[in-house]
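What follows is a set of notes on a single structure, which appears directly below.
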Amino acid sequence: MPRRLLRDGRIVEDDWSYRAEAEGSARSALILTFAEWQSDRAAWTARGGRLGVILQPADRVESLAPDISRLELIGAQFSGPSEGRGYSQARQLREQRKFSGELRATGYVRRDQLFFLARCGFNSFELSDADIEDAAGALSTFSAAYQPSNDAGLPFKLQHRRRETPAGA
Amino acid sequence: MYRYDVVDKTLVKERVAQFRDQTRRFLAGELSDDEFRHLRLRNGLYIQRHAPMLRVAIPYGLLSSTQLRALGSIARRYDRGYGHFTTRQNIQYNWPKLEEVPDILAELAEVEMHAIQTSGNCIRNTTSDHLAGVSPDELQDPRPWCELIRQWSTFHPEFTYLPRKFKIAVTGAAQDRAASLVHDVGVHIVRGAAGELGFEILAGGGLGRTPIIGQVVREFLPREHLLTYLEAILRVYNLEGRRDNLQKARIKILVRSLGIEEFRRRVEAEWESTRAAGPRVDDAEIARLSGFFNPPAYRSLANVEPAAGKSTAFRAWYRYNTVAHKVPGYRAVYVSLKKPDVAPGDMTDGQMELVADLADRYSFGEVRVTHTQNLLLADVEQDKTFELWQTLEKAGLATPNIGMLTDMICCPGLDFCSLANAGSIDVAKLINERFDDYDYVYDLGELEIKMSGCMNACGHHHVGHIGILGVDKSGEEWYQITIGGAAGADASLGQVIGPSVAKTDVAETIARLLEVYVEERRTDERFLDTVRRLGVKPFKERVYAAPIAA
């Protein structure tokens, strides 16, 4: 059964494959681990097709920095209910590295986290079948926020209490 | 004080709805114990020894009389008629029913209160100086900054799943009355070279299993950058703090292992790349927030001597339980929650309602909670203190002991807490029974006894002039004694005097420590100063010289 995702607020079938799933479909959109990607960047690039990389919690965003323009998907792996590094990785990717492709949360992802994940810049979420049907509603758990963040993935515009300062100020 | 606007109201109401749904899913079996634990903890709900424990935030310790009345009403209807004020200016209920917690939260929301982020590995309630705005030694009122941090930290999307809990304290006075040096981050309002206000930022302080005094990360931070700098510290911690070992996950361990220079370098590097786009604090916003903390409508009064010609009991209370106010004719008045036969920090529903009434009558309708587990009426006319005292006295809230031996800080201990190794409330009771001669207690002067039932150090024992730590010895409750700790601007960690002692010997051990002090002290020297001058040795020798007869 194809994997389903919540992407940009809608449930869709995943059009990306992890390496283990991708045998035989040589030019499909392929997701690599950061280690796989690092082991042979040139070969993966030469392969053609869309490429994505999943960061483990301890992987550093800056070590992916030279490659960001070549990637259409970057993911963060959540290893369990207390893992929180992916939130910072996401903001670094969106705000410091200006990554504008698909930012995916995978691993331990539950609907109670979605609001915060989305505010950090994630726009796609791998969820269990039990969670996915109701998950879109979790994106609007709160209708306001106190702090500016990266709300690109949210289907609505949050009202920030404080004025956001223009860049460079 | 700060009043909610439509954004605040919306957020707390949406939180109640979210938590009601999470509780429903848990009770319906849709969420496992572990999944629900991560959710309820971020909403102040622990599962304790006897029942759930709900911790409610009192941001920087400030309460309106309406809020205190609501806390009393909740204590009566959902708990067993009392609540416990904690060392971080929160209140805890020890007996709520899990299925009723959403209703309690809904009632709290009606009076602009909540339990958001009062536990769990996230940014906790921001604490501050309980004398903010009234103390003569203050550079600037820290409360507008506390409120700014409260808002910024509430539901911060990036910092809700930190390696461990994260506590921030803000002070704006010469004396540190918020224990900021033992917080994950301490924010001190200071003046820069041109006289402008900004902040000194400390990080890496904390108690618990590995007590450490915070170190300066930045000596002067221009005030518009407060939030971006805090975000940089939090981001470095979130990414690099240890997650493999709960005992080593606090920021203090990261700061210690990197060293303060390297930690600072990483924070500054992160800050350089984020501050331009981050939330800058503009003066208009701070002016707006400051408007909520304008001084009340003080009357034009002269200082008086209300104790003159009054009873000894009132004179003692006035001397120990009231402190100077920056406005002539006024006094800040402590409501002591340290009556000898009551657990330190506990207050009944009726007492809460009474103090709410007294706040309306005598102190502009506001009450503060201190980190030493007392309450404070900050703005009382000096010549009303006598009638106020009469009412407090009848209600058991005028024990004249603020800052004295019997004003002990104490965690709930083994009686309530599932983490504790040993009881603390009953030890407090034994100490109170032993030191019931107030002339002796007053002669000893300023003396802070702080007691924790386990290593987690909720009772701040490391920074007690005398610290008492409950330990488990083959299933028996024993107590390790430290001396020489302090929590203020001259913070220090206490040193262990020797082997731990049995519960029945704690009071005698303290008595022996105090004997040495009384013999050795110089004029005006506090117990703490004598310990600092002489070291632990003479105290240790006296305590262990002879066995304590049971």
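Number of residues in the range A:98-137 that are among the acidic types (D, E), more than 24 Å from B:S273 (Cβ to Cβ), in contact with a Ser or Thr (Cβ under 9 Å, 6 or more places away or on another chain) and more than 10 Å from chain B (Cβ to nearest Cβ) equals 1.
Here B:H84 meets the list (1) surrounded by fewer than 23 Cβ atoms within 10 Å (Cβ to Cβ); (2) more than 14 Å from every other protein chain (Cβ to nearest Cβ); (3) of a type outside the set (F, W, Y); (4) not in a loop (DSSP other than H, G, I, E, B) almost entirely, failing just condition (1). Residues that are away from every other protein chain (no Cβ under 11 Å) and more than 22 Å from B:M113 (Cα to Cα) were ranked within the range B:27-50; the one that is surrounded by the most Cβ atoms within 10 Å (Cβ to Cβ) is B:Q48.
Can we say B:A193 is of a type outside the set (D, E) and within 14 Å of chain A (Cβ to nearest Cβ)? So B:A193 does not fit the description; no.
Every residue, every condition in (1) within 14 Å of chain A (Cβ to nearest Cβ); (2) crowded, with 23+ Cβ neighbours inside 10 Å; (3) assigned to a helix (DSSP H, G or I), yes or no:
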site	(1), (2), (3)
B:A132	no, yes, no
B:P136	no, no, no
B:D141	no, no, no
B:F155	yes, yes, no
B:E158	yes, yes, no
B:L162	yes, yes, no
B:A169	no, yes, no
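Checked across the range A:101-112, the condition of being touching a His at 6+ places or on another chain (Cβ under 6 Å), at pLDDT below 95 and under 18 Å from B:E35 (Cβ atoms) holds for no residue. Just one of the listed residues (B:V501, B:V441) is modelled with pLDDT of 95 or more, in contact with a Ser or Thr (Cβ under 9 Å, 6 or more places away or on another chain) and closer than 22 Å to B:R526 by Cβ, and it is B:V441.
With under 25 Å from B:V516 (Cα atoms), of a type in the set (A, V, I, L, M, F, W, C) and surrounded by fewer than 24 Cβ atoms within 10 Å (Cβ to Cβ) as the only criterion, which of B:L493, B:L469 stands out? Break it down stepwise before answering.
Details: B:L469 fails: surrounded by fewer than 24 Cβ atoms within 10 Å (Cβ to Cβ).
Result: B:L493 is the single residue among B:L493, B:L469 that is under 25 Å from B:V516 (Cα atoms), of a type in the set (A, V, I, L, M, F, W, C) and surrounded by fewer than 24 Cβ atoms within 10 Å (Cβ to Cβ).
Being without any contact (Cβ under 8 Å) to a residue 12 or more places away in the chain and closer than 30 Å to B:T530 by Cβ, is that true of even one residue in the range B:406-429? For the range B:406-429, residues without any contact (Cβ under 8 Å) to a residue 12 or more places away in the chain and closer than 30 Å to B:T530 by Cβ: absent. Scanning the range B:430-477 for residues that are in a strand (DSSP E or B) and without any contact (Cβ under 8 Å) to a residue 40 or more places away in the chain turns up B:G467, B:L469, B:K473, B:E476. Scanning the range B:109-130 for residues that are more than 14 Å from every other protein chain (Cβ to nearest Cβ) and either buried (at least 23 other Cβ atoms within 10 Å of the Cβ) or assigned to a loop (DSSP other than H, G, I, E, B) (or both) yields B:V111, B:E112, B:M113, B:A115, B:T118, B:R124, B:N125, B:T127, B:S128, B:D129, B:H130.
Condition first: outside any loop (DSSP other than H, G, I, E, B) and either within 14 Å of the chain's Cα centre (by Cα) or at pLDDT below 95 (or both). Now tell me which residues in the range B:366-413 satisfy that. Answer for the range B:366-413, where residues must be outside any loop (DSSP other than H, G, I, E, B) and either within 14 Å of the chain's Cα centre (by Cα) or at pLDDT below 95 (or both): B:R368, B:V369, B:L375, B:L376, B:I409, B:C410, B:G413.
Among the residues making up the range A:64-120, those that are in a strand (DSSP E or B) and of a type in the set (A, V, I, L, M) are A:L73, A:I74, A:A76, A:L103, A:A105.
The residue that is modelled with the lowest pLDDT, counting only those in the range B:257-277 that are small (G, A, S) and under 16 Å from A:R97 (Cβ atoms), is B:A277.
The values are calculated or read from the model by the stated rules, or taken from the named source; none is laboratory data. Keep in mind the model is a prediction, meaning the values are calculated, not measured. Cβ atoms come from the backbone with ideal geometry, glycine included; neighbour counts cover every protein chain shown.
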